[in-house]
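Remarks on the structure that follows.
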């Protein structure tokens, strides 16, 4: 089985696809790539999954044996912290052992080049070719330096925050760390800002406290929502295992979808913090962002799914906010990588600065700009259904879906079918899991749900009959 990189690295089931021998092949290819580029230093770390600490140590020694100066995280480390360390230290790249939000049986390698963001498709294709060819760098004499990478990150993140608004705010936050690498970092920053914090799932657990799919979406934050209500908190925040994704719960215990939070944050960054530039979103993310950006005289850039595309736009400069519906964002000249810690801190700042919770702030925003309903359903994918989708949607132009006429098609990522009145359906295949992802957007929640239900029903029927 070939080693293939998805939208955010190479992932596999531990001991079946993700083995020590295959990891070493990937590491050797990264070493060869960096040597060819003339780079001689690298940052290495990982999250709290099975074998991430052990593989980080082993890989650090391996890369040092190839002559690299290795900066090794002392203990589990969030993805955004590793990216920050790479950029700040001017290192050649990052080897990060994480499978992000995948089930506990998975682990993976995420490689980031010198800029700290996800490796682009051209670079990962080259790595895949080098892995197949085999080979390793020549032996040399390097060294491993263990360091606490969190401290510098904690200091530098302050430039994006207004610490004054936290003073005397009586902010109460519940934080679900998802048994992951964000624990002890996000909560510590909030405490230092003056907030009262209750942490749940704050100790390392490679099984994610029994979560089969440790993603801080609506279902994954159900316990957090209950904790917010029971404790009378102002806000609930969550980060996934490597703390690159965020989840938000408002003062009423309701999940705040990234489709709602990202436009709200964009408006705050422009109107309150005075940021200027471009908004960047993935094609699957609510177009309410476009409406707000346009109202303030700014452009929106729409990218394929995957933060490597949004990060590439950030590297061009002049970006206010880059965000995607799966719970990833970054801002301004911060790392071109998802940062769930920063997202949660900005949510807390918005509550303090606005003097009211996010639910009330969203109500104000939607009175001004209207509301757009965007949602996603995931369908397990087998070979027959995958082939049906490719043949009937990717390789041809469908004239209708869910009984509705298709007016136009956008193939920025997967196939987006624009319907009458501007509603749309988008179908794409996951780059990290065997899933078909189906998205729908409408100005009515009923229409959105009806469209999604009909598409899912159709695909399930096809799956059962093929």
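For segment 128-138, enumerate the residues that are loosely packed, with under 15 Cβ neighbours inside 10 Å and assigned to a loop (DSSP other than H, G, I, E, B). Even if it seems obvious, please write down each step before you answer.
Within segment 128-138, the subset loosely packed, with under 15 Cβ neighbours inside 10 Å is 129, 132-135, 138.
Once the filter is applied, which keeps residues that are loosely packed, with under 15 Cβ neighbours inside 10 Å and assigned to a loop (DSSP other than H, G, I, E, B), segment 128-138 yields 134, 135, 138.
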- prompt: Can you name every residue in segment 264-292 that is under 18 Å from residue 374 (Cα atoms) and either touching a residue at least 60 places away in the same chain (Cβ under 8 Å) or over 20 Å from the mean Cα position of the chain (by Cα) (or both)?
  reply: 264, 265, 282, 283, 284, 285, 286, 287, 288, 290, 291, 292
- prompt: Looking only at residues in segment 107-127 that are within 17 Å of the chain's Cα centre (by Cα) and over 16 Å from residue 309 (Cα atoms), which one is surrounded by the most Cβ atoms within 10 Å (Cβ to Cβ)?
  reply: 108
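Residues are listed down the side, and each one gets a yes or a no for (1) buried (at least 17 other Cβ atoms within 10 Å of the Cβ); (2) in a helix (DSSP H, G or I); (3) free of Cβ contacts under 8 Å to residues at least 24 places away in the same chain; (4) in contact with a helix residue (DSSP H, G or I) (Cβ under 7 Å, 6 or more places away or on another chain):
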| position | (1), (2), (3), (4) |
| --- | --- |
| 22 | no, yes, yes, no |
| 28 | yes, yes, no, no |
| 55 | yes, yes, no, yes |
| 81 | yes, yes, no, yes |
| 84 | yes, yes, no, yes |
| 101 | yes, no, no, no |
- prompt: Which one of the conditions (1) touching a strand residue (DSSP E or B) at 6+ places or on another chain (Cβ under 7 Å); (2) more than 30 Å from residue 303 (Cα to Cα); (3) crowded, with 20+ Cβ neighbours inside 10 Å does residue 11 fail to meet, given that it meets all the rest?
  reply: (2)
field: segment 273-311, residues that are out of contact with any strand residue (DSSP E or B) (no Cβ under 8 Å at 6 or more places or on another chain) and within 21 Å of residue 244 (Cα to Cα)
entry: 308
task: Considering each of 169, 121 in turn, give the residue that is touching a residue at least 60 places away in the same chain (Cβ under 8 Å) and farther than 21 Å from residue 337 by Cα.
output: 169
query: Can you pull out the residues in segment 297-327 that are in contact (Cβ under 8 Å) with a residue 24 or more places away in the chain, within 18 Å of residue 267 (Cα to Cα) and surrounded by 15 or more Cβ atoms within 10 Å (Cβ to Cβ)?
result: 298, 302, 319, 320, 321, 322, 323, 324, 325, 327
- prompt: Pairs under 6 Å by beta carbon, first residue within 30 Å of residue 5 (Cα to Cα) in segment 433-452, partner part of a loop (DSSP other than H, G, I, E, B) and modelled with pLDDT of 90 or more, six or more apart or different chains?
  reply: 439/284
task: Give the number of residues within segment 209-233 that are surrounded by 22 or more Cβ atoms within 10 Å (Cβ to Cβ), farther than 16 Å from residue 324 by Cβ and at pLDDT 95 or above.
output: 5
- line: Checking 169, 179 in turn, the sole residue that is surrounded by 15 or more Cβ atoms within 10 Å (Cβ to Cβ), under 24 Å from residue 221 (Cβ atoms) and at pLDDT below 95 turns out to be 169
- request: Could you tell me whether any residue of segment 238-253 is surrounded by fewer than 24 Cβ atoms within 10 Å (Cβ to Cβ) and within 29 Å of residue 118 (Cβ to Cβ)?
  value: no
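The values are calculated or read from the model by the stated rules, or taken from the named source; none is laboratory data. None of the values given here were measured: they were computed from a predicted structure. In this analysis, Cβ positions are derived from the backbone assuming ideal geometry, glycine residues included, and neighbour counts consider all displayed protein chains.
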